[in-house]
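Rule-based calculations on the coordinates, nothing more; no lab input. Bear in mind that the values here come from a model prediction, so they are computed numbers and not experimental data. Glycine gets a Cβ as well: all are built from the backbone with ideal geometry, and neighbour counts include every protein chain shown.
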Amino acid sequence: MLEAFVGQFYDNKVPPRLILLSNPIENDDLMQEALSQKADRKVQLLVPMRGEKAKLVEGAARNARESLARRMAETATQAKLLKGLAEAFDLGAPPKRIEVYDNSHISGAHAVGAMVVAGPEGFIKSQYRKFNIKGEDLAAGDDFGMMKEVLGRRFKRLLKEDPERKSENWPDLLLIDGGAGQVSAVAEIMREYGVEDIAMIGVAKGEDRDAGKEEFHRRGKRPFALRHNDPVLYFVQRMRDEVHRFAIGTHRAKRAKAIGATPLDGVPGVGAARKRALLAHFGSAKAVSRAGLEDLKKVDGISNTLAETLYDFFHDKG
């Protein structure tokens, strides 16, 4: 196992000159030769028995044991929370994949949808997804319409990639940030795509919008709340906060990119360096757009041909 691990670990890394092992491996000479070839210099494998190097290996083993213990404890806690979630919301079994959705925008501008994923191992960040809201006919701030677009795109892709639902990418439970209206909007999409058998819960703040007084909405059932000290409530809050964090971060990045955009971004052949040169020379994108051809040719790094392209871009709109 150790021999296989060393080979796999350095498959995409440059090996150091010295690798300390806790135990000898069977083909150490072949492994040293292979690693030396990869590093293009001599690599030594050593199993220290005493001294400082032996203490280093002992410390690494201790850290690994403690890390494994923490991971096992977290997994056990997560399994308990998933079981509690199934009991609280009348699910057939503890969910293996929970997808949590939220939207972020300012009066409909720079709108994004976000999905985070949780399961028996906790949050699965490699499975997080962001959705740029594309709906041309959506009214500003139409949260229901945005959620329908996001879930529609999600299920359309799932059905295209795995219509038989054989992969682990299909959720057992959807958590939606919102109340009855959001649940109704998502239920409509689920009916449209024939995936009504997936459990769905809307998480809405209570009347005074205090954390801890959330109301939970399900299709065809009355809203209900959990005890304020219920671990399942904290678990749901943590998932909702995570998707909110991810959605806000995605929205801010999109907004910052839009704020940093200039008319120069659309000019063929003008990359970041030339854009900086033009802005440094003229002071603003508007000044660049009004510049004459001869003035554009005077900018460092701007060829005569590119100057003509720039001039035509801003003056030949008709």
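Data overview
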item	result
20 °C / 1.002 mPa s Stokes-Einstein diffusion coefficient of the range 263-315, Kirkwood radius on C-alpha pairs, µm²/s	203
Cα-centred dipole magnitude for the chain, charges only on beta-carbon of K, R (+1) and D, E (-1), debye, nearest 20	640
Above-threshold pairs, the threshold being 29 Å between Cα atoms, out of K80/K134; K166/K205; K148/K221; K148/K213	K80/K134; K166/K205
Selection from L35, T75, G51 lying farthest towards where the dipole of the range 2-84 points positive, charges on Cβ	T75
Hull volume in cubic angstrom per residue (convex hull over the Cα atoms of the range 2-84)	111
J(HN,Hα) series, the range 185-195, from Karplus relation 6.51 cos²θ - 1.76 cosθ + 1.60, nearest Hz, glycine and proline x	5, 5, 4, 5, 5, 5, 5, 4, 9, x, 10
Overall Cα dimensions of the chain - principal axes, largest extent first, Å	76, 69, 40
Cβ-derived FRET efficiency at R0 51 Å, D90 paired with A273, nearest 0.05	0.30
Most fluctuating residue given options S67, S167, S303, as computed from a GNM of the chain linking Cα atoms under 10 Å	S303
Global geometry of the range 98-255, whether rounded, prolate or oblate, following the gyration tensor of its Cα atoms and the 1.5 cut on a/c	rounded
